[in-house]
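**Q** Next up is a structure, given as structure tokens.
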Amino acid sequence: MNIIKCSDADEIAQKVSEMIINKIKEKPNAILGLATGASPVKTYKKLIEAYKKGEISFKDVKTFNLDEYYHLPKSNKNSYYTFMHENLFNSIDIKEENTHVPDGNPADADYYCKEYDKSIDDAGGIDIQLLGIGRNGHIGFNEPSDHFTSGTYKVSLTPSTIEANRIYFDSEEEMPKEAITMGVESILKAKTVILIATGKFKAEAVRDMVKGAVSPSCPASVLQKHPDAYIFVDEEAAALL
Ligand code: PGA
């Protein structure tokens, strides 16, 4: 694991966007694994800026998102489909058919999840996977449990995640309690993994990920085994390292 301590979220966004921009320059048809949540938003802004300056084009780039709420309509303001369009896709020249956000309303979830993994493999695998980390150490929606997960699957969210994400919804009842997420094994298949953690609420999860044992009780700790993982932390998130 490469731990990169930065002064703040702006410095992280600068450095992470440079890595992604360099990848797209070197490989214009790069496959990006993308994340939602607050952590990657500034990085997406930098990517949009680079596109607008003519530095990079996304016309041959393909993207696969980590997760989506289960049984939330795509059109809902809190769906990750909406998030990705508002925070990135609508502002760059990516082709809609090259973007993939898991379908939160599949007719047959098991079948759909296998197909999602297959479509990533068929595209050649993810070059760079962007991740946030949950306060409970989750990556994607792989919640703490007694085993590491494999491919994409339907998951029940834990109380910690429901509490953290419920602020985006008008009421707790509206917040979905399940999601479709890439599994830990799908994430580990990415050639490069970049995780962003900022703020004091992430400090314990960051400590467990970096210094703790590799254990499914902190799913992010599995990144200790990844051959090319970069962990970008601000001062608050790094406080317990
Ligand atoms: P955040 O979420 O970026 O909104 O903090 C990260 C996560 O829960 O994985």
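Only the coordinates and a few stated rules stand behind these numbers; no lab work does. Keep in mind that what you see is a predicted model, and the values were worked out from it rather than measured. Reconstructed Cβ throughout: ideal geometry from the backbone, glycine too, with neighbour counts over all protein chains shown.
**Q** So which trypsin sites (Lys or Arg not before Pro) in segment 180-229 end up in coil per DSSP with only 12 or fewer other C-beta atoms within 10 Å?
**A** none
**Q** Spin-label point model (7 Å from Cα, Cβ direction): what's the Ala123 to Ser145 distance in nm?
**A** Reported label-point gap for Ala123 and Ser145 is 2.4 nm.
**Q** Can I ask one more? Using a cut-off of 15 Å between alpha-carbon atoms, which aspartates and glutamates can reach Lys27, once sequence neighbours fewer than 8 places away in the same chain are excluded?
**A** Leaving aside aspartates and glutamates fewer than 8 places away in the same chain, those within reach of Lys27 are Glu18, Glu55, Asp60, Asp127.
**Q** Starting from the Cα of Lys74, step 7 Å toward the Cβ, then list every residue of segment 32-58 with an amide N under 20 Å from that point.
**A** Under 20 Å, as judged by backbone N against the label point of Lys74, lie 32-37 of segment 32-58.
**Q** Among Leu34, Tyr81, Thr161, flag the residue with its Cα farthest along the positive direction of the charge dipole of the chain, charges on Cβ as +1 for Lys/Arg and -1 for Asp/Glu.
**A** Checking the options against the dipole of the chain, the answer is Leu34.
**Q** Where in the chain lies the longest segment free of GluC sites (Glu not before Pro) that are both loop residues by DSSP (not H, G, I, E, B) and have at most 12 other Cβ atoms within 10 Å?
**A** Longest stretch, sites excluded: 56-171.
**Q** Please compute the modelled spin-label separation between Val41 and Ile4, points set 7 Å along Cα→Cβ, answer in nm with one decimal.
**A** The modelled label-to-label distance comes out at 2.1 nm.
**Q** On full extension of the chain, what length is gained from Asp228 through Glu185, given 0.36 nm per residue of separation minus the C-alpha to C-alpha distance?
**A** 14.0 nm
**Q** Can I ask one more? Take the Cα atoms of segment 1-80, find their three principal axes, and give me the spread along each one in whole Å, biggest first.
**A** 37, 32, 26
**Q** When Rg is the radius of gyration of the Cα atoms in the chain and Rh is its Kirkwood radius, what does Rg/Rh come to?
**A** Using only Cα positions, Rg/Rh for the chain is 0.93.
**Q** Right, next: In nm, what is the difference between 0.36 nm times the number of residues separating Gln14 and Asp93 and their Cα-Cα distance?
**A** Net length gain for the segment: 26.4 nm.
**Q** Next up: Enumerate the amide H contacts of Gly140 below 5 Å, restricted to partners 5 or more residues apart or on another chain; note that Pro and chain-start residues carry no placed amide H.
**A** The answer is Gly132.
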